[in-house]
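The values are calculated or read from the model by the stated rules, or taken from the named source; none is laboratory data. Quick caveat: nothing in here was measured; it's all calculated off a predicted structure. Don't worry about glycine lacking a Cβ; one is built from the backbone with ideal geometry, like all the others, and counts go over all protein chains shown.
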């Protein structure tokens, strides 16, 4: 396996940022690493790349222990951190040549051209990094992570700051790379995760709360639906408490409610009957299945 984590922990003073987590990622897998802010995602990624040392636990990259041989493991990793570190006064091509030189690449010029084309930087390569939009700066960071052709990619919010078209392009790049490389990436965009990943790891308060395929996680909640109802009038919560088949009712506003149920049609029928009996006006009424975003929320709320 390309990434192996065993009983990994990181403590800052009294705060336990990562708590005894274990997981593996195999070659050819693209795994989404998800969690709310402060869950421990970036800390775990920094430990994997050798940027910070763990308090306890073991990590291996391509079979090499990170703590015993960090130089060799770093050569096998391409890392794009959440805070993309760039030199704004350098030109794009100049900066990537600098990164290639650090890696002591053979055929540096050829690899430079390939990487610039791969991430779509051809039109911006002659500009200073400080002149670029946030989206193109993100592409420069991705190019720097890719230029030495690493076996493992660790990407922390790789599409941050990109417009919708740029997101689609970078997603395609990641999917192509995933055919031959191991990719662990974090994102807050659930649609992006579903489009790229077959498997996700969800971390919450330093603990792994889910590690499975996207389809399996969604399948586990297929019987759960939500009925969304909006009234024209302000409705007291107590009026909806008589609805049968509800497992939870959430006030979205004074006249909007989200009802969790495994009998959506029966709940909608009761709401319509209640509106007629109480002379209420329903503005909208529809049901929806629980998606990955709902799974994420239920596990990390």
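Just need a number here: residues in the stretch 47-77 that are free of Cβ contacts under 8 Å to residues at least 40 places away in the same chain and buried (at least 21 other Cβ atoms within 10 Å of the Cβ).
Residues in the stretch 47-77 being free of Cβ contacts under 8 Å to residues at least 40 places away in the same chain and buried (at least 21 other Cβ atoms within 10 Å of the Cβ): 3 in total.
For the stretch 77-103, how many residues are under 13 Å from residue 145 (Cα atoms), touching a strand residue (DSSP E or B) at 6+ places or on another chain (Cβ under 7 Å) and in a loop (DSSP other than H, G, I, E, B)?
Here the count works out to 2.
Considering only residues that are on the phi < 0 side of the Ramachandran plot, assigned to a loop (DSSP other than H, G, I, E, B) and free of Cβ contacts under 8 Å to residues at least 24 places away in the same chain, which ones fall in the stretch 1-46?
Within the stretch 1-46, 14, 37 meet the criteria.
Tell me whether the stretch 161-175 contains one or more residues that are in contact (Cβ under 8 Å) with a residue 60 or more places away in the chain and either under 20 Å from the mean Cα position of the chain (by Cα) or not assigned by TED's automatic domain parsing to the domain that holds residue 47 (or both).
So far as the stretch 161-175 goes, yes, one or more of its residues are in contact (Cβ under 8 Å) with a residue 60 or more places away in the chain and either under 20 Å from the mean Cα position of the chain (by Cα) or not assigned by TED's automatic domain parsing to the domain that holds residue 47 (or both).
Does residue 96 count as touching a residue at least 60 places away in the same chain (Cβ under 8 Å), within 21 Å of residue 155 (Cβ to Cβ) and crowded, with 18+ Cβ neighbours inside 10 Å? Before the answer, list the steps.
On the way: touching a residue at least 60 places away in the same chain (Cβ under 8 Å): no; within 21 Å of residue 155 (Cβ to Cβ): yes; crowded, with 18+ Cβ neighbours inside 10 Å: yes.
The answer is no for residue 96.
For the stretch 185-223, how many residues are surrounded by fewer than 16 Cβ atoms within 10 Å (Cβ to Cβ), in a helix (DSSP H, G or I) and at pLDDT 80 or above?
Number of matching residues: 4.
Only one residue in 298, 238 is closer than 30 Å to residue 208 by Cβ and part of a helix (DSSP H, G or I). Which one? Steps first, please.
Numbers: 238 fails: closer than 30 Å to residue 208 by Cβ.
Of 298, 238, the one residue that is closer than 30 Å to residue 208 by Cβ and part of a helix (DSSP H, G or I) is 298.
Scan the stretch 251-295 for residues that are under 16 Å from residue 225 (Cα atoms) and part of a helix (DSSP H, G or I) and report the count.
The number of residues fulfilling the criteria is 12.
So which residues in the stretch 139-160 are more than 17 Å from the chain's Cα centre (by Cα) and outside any helix (DSSP H, G or I), if there are any at all?
147, 148, 149, 150, 151
Starting from residues that are in a loop (DSSP other than H, G, I, E, B) and buried (at least 16 other Cβ atoms within 10 Å of the Cβ), keep the ones in the stretch 104-138 and report whichever is nearest to the chain's Cα centre (by Cα).
Filtering the stretch 104-138 for residues that are in a loop (DSSP other than H, G, I, E, B) and buried (at least 16 other Cβ atoms within 10 Å of the Cβ), the one nearest to the chain's Cα centre (by Cα) comes out as 119.
Is it the case that some residue within the stretch 76-95 is assigned by TED's automatic domain parsing to the domain that holds residue 188 and over 25 Å from residue 135 (Cα atoms)?
Within the stretch 76-95, one or more residues are assigned by TED's automatic domain parsing to the domain that holds residue 188 and over 25 Å from residue 135 (Cα atoms).
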